[in-house]
1. In region 492-507, what residues are outside any loop (DSSP other than H, G, I, E, B) and either at positive phi or in contact with a helix residue (DSSP H, G or I) (Cβ under 7 Å, 6 or more places away or on another chain) (or both)?
2. Check residue 189 against each of (1) in contact with a helix residue (DSSP H, G or I) (Cβ under 6 Å, 6 or more places away or on another chain); (2) not assigned by TED's automatic domain parsing to the domain that holds residue 91 and name the one condition it does not meet.
3. In contact (Cβ under 8 Å) with a residue 24 or more places away in the chain, surrounded by fewer than 17 Cβ atoms within 10 Å (Cβ to Cβ), assigned to a helix (DSSP H, G or I) and in contact with a helix residue (DSSP H, G or I) (Cβ under 7 Å, 6 or more places away or on another chain): is that true of residue 475 in this structure?
4. Go through region 508-534 and count every residue that is touching a strand residue (DSSP E or B) at 6+ places or on another chain (Cβ under 8 Å), under 18 Å from residue 550 (Cα atoms) and not in a loop (DSSP other than H, G, I, E, B).
5. Looking only at region 95-121, count every residue that is free of Cβ contacts under 8 Å to residues at least 40 places away in the same chain and either part of a helix (DSSP H, G or I) or closer than 18 Å to residue 143 by Cβ (or both) and tell me the total.
6. Select, from 511, 560, 493, the only residue that is under 30 Å from residue 268 (Cα atoms), assigned by TED's automatic domain parsing to the domain that holds residue 472, touching a residue at least 40 places away in the same chain (Cβ under 8 Å) and surrounded by 16 or more Cβ atoms within 10 Å (Cβ to Cβ).
7. State whether the residues of region 127-134 include one that is at positive phi and in contact with a helix residue (DSSP H, G or I) (Cβ under 7 Å, 6 or more places away or on another chain).
8. Failed condition for residue 382, given (1) under 25 Å from the mean Cα position of the chain (by Cα); (2) more than 30 Å from residue 427 (Cβ to Cβ); (3) exposed (fewer than 14 other Cβ atoms within 10 Å of the Cβ), with all others met?
């Protein structure tokens, strides 16, 4: 339209100029003669020809500009409705963004992004690379290969776009067109799957490490208990005797009790760590839920988080009365561990006495269990707080967090029909409140009479029980036999086949204490063989297990009625379990 107006104006101007020229020629012909008039006419015609040519060129340029503008408008109309993001950059600035681009980058209107420096839209790690890439594309005239680019959204989130580049003219400027595909969700899903795979591998590794620690830890602690009890027995015998030699030995023996006690305490700490590690890594028996004590789970999580907390804050416990909740012990441990680690990492190191993590448990008016974790850390900014449960959202430095911790916590809690709330104030700290419904089906504890250990004073057995110990770990088997042989007749074999062969010829054992997982012939194989040939013996089996790592083992433990001892156990637990089986 503008080009047509320009053409019409030019034609009118030329006609007016031609008319004026003819008028001048006529006047000169009358006044000065024909020769002068002809000369002026030729000069005027030359000027008109030059002017006409210039006007034609201007008109052609205007027409070309109009055509380009029309093409730009058609391009804009085409990409505006495209389902994928399109950005156009010229002079280092954004000159166009379609609706899909605004949605991907969380902008509400084009005015918020048009004319902005394009590099300001990029994550810091991308800016230098993109600046060099744009410079090379404009200087060479060749588009760069497609690439994945992390864009910084309006609200601070990251969006990953797969970008294909084009070089073109847009509104009379050299421009770079970015044809994009939003792959943010796909990248998040890939990251989630990779993290899940890593966590599964880590869980398998941790579970395997815990299992490998179990056996040596068990026979170390058993031998410590044995040596301690023997020293006490010898000291007691010597103290009842007269003589200078006995008087010298008793203090020396008593002096050995302290380092032995410290060694036993250390072994017990390792036992607790192994038990917690196995519980967290194996999933505590899959995704099944049952009534659990949240205070006990919290203590387990505190032990796991101890190294994160001890250099940052003191732990204050305010445990009130709470009901059992129906949950998976491992998953609840994961919830508490994550919240404790977050609380610890919000507190700078080195000022322990002035910082605290306060843990409070209570029961609300609806009878639900309430767990509150309050820290004196740096706090969460108000603009960040609404997004803390979003998957992959993190304010931690690269490599320090995945952005999945609180998202997983939220998913676990809500799956249990619970609630989770976060309150925070910058410079004051953060409070996380978890509310879980009371367990409905709580099993009633069985009434059992107290079981005394066989070496307790006043306990007299009609006969010495015969015990068969079966474990592929020779050191463990010999230490168990040494401990219980003081009051029972104990035999030990370190092979499943030997155990079956022995039982074929000698079946007069009161209790068979057998490891569940052994190479070649397992405790499960022994049980199944005895169930066919000697059902009475299979009922006398007491299983030791450091974890059911196979589907067969898990199904087996769920299906058989026999009791089990979870490694690492102590001597009192073993004695009580053996006596209970012998009584039954």
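The values are calculated or read from the model by the stated rules, or taken from the named source; none is laboratory data. Since this is a predicted model, take the numbers as computed values, not measurements. So basically every Cβ, Gly included, is an ideal-geometry build from the backbone, and we count neighbours across all protein chains shown.
1. 492, 493, 496, 499, 500, 503
2. Unmet condition: (1).
3. In short, yes.
4. Residues flagged as touching a strand residue (DSSP E or B) at 6+ places or on another chain (Cβ under 8 Å), under 18 Å from residue 550 (Cα atoms) and not in a loop (DSSP other than H, G, I, E, B) within region 508-534 amount to 5.
5. Total satisfying the criteria: 9.
6. Testing whether each residue is under 30 Å from residue 268 (Cα atoms), assigned by TED's automatic domain parsing to the domain that holds residue 472, touching a residue at least 40 places away in the same chain (Cβ under 8 Å) and surrounded by 16 or more Cβ atoms within 10 Å (Cβ to Cβ) leaves just 511.
7. No, the conditions are met nowhere in region 127-134.
8. Every condition holds for residue 382 apart from (2).
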